[in-house]
Structures are given as structure tokens and as C-alpha cells.
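First comes the structure, then the notes that go with it.
The values are calculated or read from the model by the stated rules, or taken from the named source; none is laboratory data. Keep in mind that what you see is a predicted model, and the values were worked out from it rather than measured. As a convention, Cβ positions derive from the backbone with ideal geometry for all residues, glycine included, and neighbour counts pool all protein chains shown. Quick note on the areas: whole protein, heavy atoms, side chains included, nothing else; ligands and nucleic acids left out. Shrake-Rupley method; radii C 1.70, N 1.55, O 1.52, S 1.80 Å.
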Amino acid sequence: QGWVTVGVTSAHQGEGKSTIASNLAVAMAMEVNQSVLLVDMDLQSPSLAKIFDIKPEKGFKDYLRGEAEIEEVLINPGIERLVIVPGKGSTANSSELLSAPATAQFIDDAKHRYKNRFIVCDLPGVLPTDDVMATLNNIDCILLVVEDGKNSAVDLKRTLQLLQGTKLVGTVLNKTHSELRAIEPALGK
């Protein structure tokens, strides 16, 4: 499809989307013909720095506020072909920052700076804020993470309605404690 940016989100916080985004980025970086930029766009609850056990001096919100240059927020976590833009601290005006031209400029620069680079964006949950809606114009496709047993049918339906018009590449059922038989009816078995 020519897609370069994938956003990883969930209906709510705490469903494992940051772990899924991190694992996806690491797996993609293992391909020798491509590199991956993993961006913590969850400005209210950034977690990539903790996942990768890094202590950034500046984060993505600092770049968006004009308080850091792009080079100051790029961190190599010791994994070849993977670069992270972590978050640092939370911010109350996250949707304003994410809808500002600086976000579009960052994504555009990241897309065109390196050939064969994929950008994985760790987004916040869809329902708690309008942050995801503020970023959708900059994202090629979405991967939806759903925690087993956490969301009501109403929450999932509302999430899908809000994401309508985006290219949903798939859904990951996360934190399931049941065996495969729990999804077998959906697979037609």
C-alpha cells in the first residue's frame, strides 16, 4: 500500500498498546532492509522510556513545543536499525500539541529523511481524549489493541466509529487468559 506510518492504539489506557508497539517496532527493525522510528505520541502517559529502560533528557512534547531539535529527541536503544522518540513527562494540552503543524512536520520529516524507514506511533487510547483524532491525518494506518474482557461492546463500537475512515490494518487481542478455543468461533471453527 505504500504505507509508512502505523499508529498503535486501544479503546482505553492500560490495554498493552505500548508493549505491542514496542514489539512491532523491534520485530520490524530485525529486517535488514529497513529501519524503524518508534514515537511515543501518548503525551499524557508516555511509557516507551520505561519499556526500553532509557532516561531521556528531552521528549516528543519538547520537540512539539519548539524546545528541542529533532536530533535531541532521537535515541538508539541499542537495537540496530531502531530509533526511539520517547516521551518525557505528561502534558495537559496534549491534543493541541498533537494537532499543531509541528506534529505533521515531524512525521513528514521522518518519512522523507531516510529511505526504507517505517514509523510506529504509540498513540494514546481513543476514548479518554481526542488525542488520537488529532493525529489521524498524519498516520497511514491503525493497529487496534483490545484487552481481553476489559471493554464493553459499546466501548468497542464507539472506538470503531471514531476510527471510521481510517485504514484499520488489524486488531490484536491482548492479555487473554483463555486458550485458542475462545477465538475459535470467530475463526469459523
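Details
- Test: residue in the range 26-35 that is open to solvent by less than 30 Å² (accessible area, probe 1.4 Å), part of a strand (DSSP E or B) and touching a residue at least 40 places away in the same chain (Cβ under 8 Å): yes
- Condition check for ASP42: open to solvent by less than 30 Å² (accessible area, probe 1.4 Å) and over 15 Å from ASP140 (Cβ atoms): yes
- The set of residues in the range 115-126 that are part of a loop (DSSP other than H, G, I, E, B) and either buried (at least 16 other Cβ atoms within 10 Å of the Cβ) or among the small types (Gly, Ala, Ser) (or both) comprises LEU123, PRO124, GLY125, VAL126.
- The lone exception for ALA92 - which of (1) of a type in the set (A, V, I, L, M); (2) in contact with an Asp or Glu (Cβ under 6 Å, 6 or more places away or on another chain); (3) open to solvent by 70 Å² or more (accessible area, probe 1.4 Å) it fails: (2)
- The set of residues in the range 4-20 being open to solvent by 10 Å² or more (accessible area, probe 1.4 Å) and either in a strand (DSSP E or B) or modelled with pLDDT under 90 (or both) consists of VAL6 alone.
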